[in-house]
Amino acid sequence: MTLDPATDVRLPSLAVLGTVDRAGRTTAAARLVRGLKRAGLSVGAIRLNGRRSGHGYWSMVDAGASPILDVGDQGARLRGPRLGEAAAVLLDRLAMGRTDVAVVELERELFDAGALKTLASEALSARLVGVLLTAPDPSAAGYATGWLRRWGVPVVAVSGAGDRASDHAARDGAAVGRACA
């Protein structure tokens, strides 16, 4: 992929990916949004699960994300590289607005073949500055972090079930936001 600096607008984007279903992706994404907002950034959110979950949408609203785009708005259930391409279109839409940074919540758990293809798609991977990984326990977090780094995926933070009751992710989000600014 060749980028034309004169016409190509890139928005700093952070993906949130879980090792398993219910690993806390939505909670971590919402807290990351809240932390980035605390750092003074305008944050847009993209949800790549296509299910239009009320919980996920309202979590992003409560955290202060605006706008919030969902691949489900496209009317199709996409997977793999096609989902990555749809995410790139949504990121480009956010980049045209007044958004400083995007938080992208990926659709499925890390070791699902569709999620791997989405993350590896050139359209999406070229736009990500880092990944916040969620895991239910330290062992899963350690294994998945090492695995992602071997594949060249920049893991910038790890969250999990133990962090749900705390506000660490919001503070970490503010630190990441300052680094992106």
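The values are calculated or read from the model by the stated rules, or taken from the named source; none is laboratory data. The model shown is predicted, which means the values in this text are computed figures rather than measured ones. Here Cβ is always computed from backbone atoms with ideal geometry, including for glycine, and neighbour counts include all displayed protein chains. Just so you know, the surface numbers come from the protein's heavy atoms only, side chains and all, with ligands and any DNA or RNA stripped out. Shrake-Rupley method; radii C 1.70, N 1.55, O 1.52, S 1.80 Å.
Observations on the structure shown:
- Output for the range 106-149, where each listed residue is closer than 19 Å to SER59 by Cβ, open to solvent by less than 10 Å² (accessible area, probe 1.4 Å) and at pLDDT below 90: LEU106, GLU107
This table checks each residue for (1) within 12 Å of the chain's Cα centre (by Cα); (2) modelled with pLDDT under 80; (3) of a type in the set (Gly, Ala, Ser).
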| site | (1), (2), (3) |
| --- | --- |
| THR7 | no, yes, no |
| ALA45 | yes, no, yes |
| GLY50 | no, yes, yes |
| SER66 | no, no, yes |
| GLY72 | no, yes, yes |
| ARG79 | no, yes, no |
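- Checklist (1) crowded, with 18+ Cβ neighbours inside 10 Å; (2) modelled with pLDDT under 90 applied to GLY54, failing item: (1)
- Screening the candidates ARG25, ARG34 for the property of being out of contact with any strand residue (DSSP E or B) (no Cβ under 8 Å at 6 or more places or on another chain), basic (Lys, Arg), at pLDDT 80 or above and surrounded by 19 or more Cβ atoms within 10 Å (Cβ to Cβ) yields one hit, ARG34.
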